[in-house]
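Notes to accompany the following structure.
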Amino acid sequence: MKYNPPQNPVFEVVFQDEDLIVFNKPCELLTVPGKHIEHKDSLQLRAQRVWPSATIVPRLDMATSGLLIMALNTAAHRHISKPLENRQIQKTYYARVLGVPAQSSGTVELPLICDWPNRPMQMVDHENGKPACIHWTLENHNDQTSLLKLIPVTGRSHQLRVHMLSIGHAILGDRLYASDEGKALSSRLCLHAFNIRFEHPVSGRSLYFETPYFF
């Protein structure tokens, strides 16, 4: 599929100070530049035209929208990366999925690894995969779809998408993992990084941000 990222606005800043910026990334915009020239346009490249020192911690999938942090200096990047590694940065996602879960909430713990012949797809691998865990809660549903709140414990690539697929409720509009029915019900991946809570890397004060989702 041809890469056609949104152009307006160039980016949306939710918070900014001298150490970090929190963006609301639109769906279909790469977080960092791809390998090919036609995939260079990205949130990082756009941000670095204004803030040359800006670096991502961490990234979102191209198709995922929502909150994303960039550090503006090495010290801030290092301090934010540490709580990320220690799972002290708390994030909540919302997703609309195909079908209605039998339970109102649950936990998925399935190890993940890259599916190399089909990369960038990921897959469950109980022998060689890295530990991955998410908690989910059913928020509401209709006859065909459900809105779920997803809280990741770990941060593996495509973790939310593969874990939802594994319980039989792939995220709508997921061009990699959804069925034809799930793809047909939405023109975009219905996955949004809704809120984030973390300590400021310099002042230590608690920061909380959230952005609305539209699906």
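The values are calculated or read from the model by the stated rules, or taken from the named source; none is laboratory data. Quick caveat: nothing in here was measured; it's all calculated off a predicted structure. Here the Cβ is made from the backbone with ideal geometry for all residues, glycine too, and neighbour counts use every protein chain on show. Just so you know, the surface numbers come from the protein's heavy atoms only, side chains and all, with ligands and any DNA or RNA stripped out. Shrake-Rupley method; radii C 1.70, N 1.55, O 1.52, S 1.80 Å.
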Please count how many residues of region 200-215 are in contact (Cβ under 8 Å) with a residue 24 or more places away in the chain, open to solvent by less than 80 Å² (accessible area, probe 1.4 Å) and over 20 Å from the mean Cα position of the chain (by Cα).
2
The condition of being part of a loop (DSSP other than H, G, I, E, B), closer than 20 Å to Gln88 by Cα, within 15 Å of the chain's Cα centre (by Cα) and of a type in the set (D, E, K, R) holds, among Arg188, Arg197, Arg156, only for Arg156
One residue from Arg119, Arg161 being closer than 21 Å to Ala102 by Cα, open to solvent by 10 Å² or more (accessible area, probe 1.4 Å) and out of contact with any His (no Cβ under 6 Å at 6 or more places or on another chain)
Arg161
Would you call Pro5 at pLDDT 95 or above, open to solvent by 40 Å² or more (accessible area, probe 1.4 Å) and under 19 Å from Leu189 (Cα atoms)?
no
Take region 174-185 and flag every residue that is under 23 Å from Ala102 (Cβ atoms), of a type outside the set (D, E, K, R) and either within 18 Å of the chain's Cα centre (by Cα) or in a loop (DSSP other than H, G, I, E, B) (or both).
Tyr177, Ala178, Ser179, Leu185
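A quick yes/no check of all residues on (1) touching a residue at least 60 places away in the same chain (Cβ under 8 Å); (2) more than 21 Å from the chain's Cα centre (by Cα):
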| position | (1), (2) |
| --- | --- |
| Thr92 | yes, no |
| Gly129 | no, no |
| Leu138 | no, no |
| Asp143 | no, yes |
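A quick yes/no check of all residues on (1) under 28 Å from Gly173 (Cβ atoms); (2) open to solvent by 50 Å² or more (accessible area, probe 1.4 Å); (3) not polar (S, T, N, Q):
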residue	(1), (2), (3)
Gln16	no, yes, no
Ala75	no, no, yes
Lys82	no, yes, yes
Ala95	yes, no, yes
Thr107	yes, yes, no
Hits in region 122-143 (condition: surrounded by 14 or more Cβ atoms within 10 Å (Cβ to Cβ), assigned to a loop (DSSP other than H, G, I, E, B) and not aliphatic (A, V, I, L, M)):
Asp125, Gly129
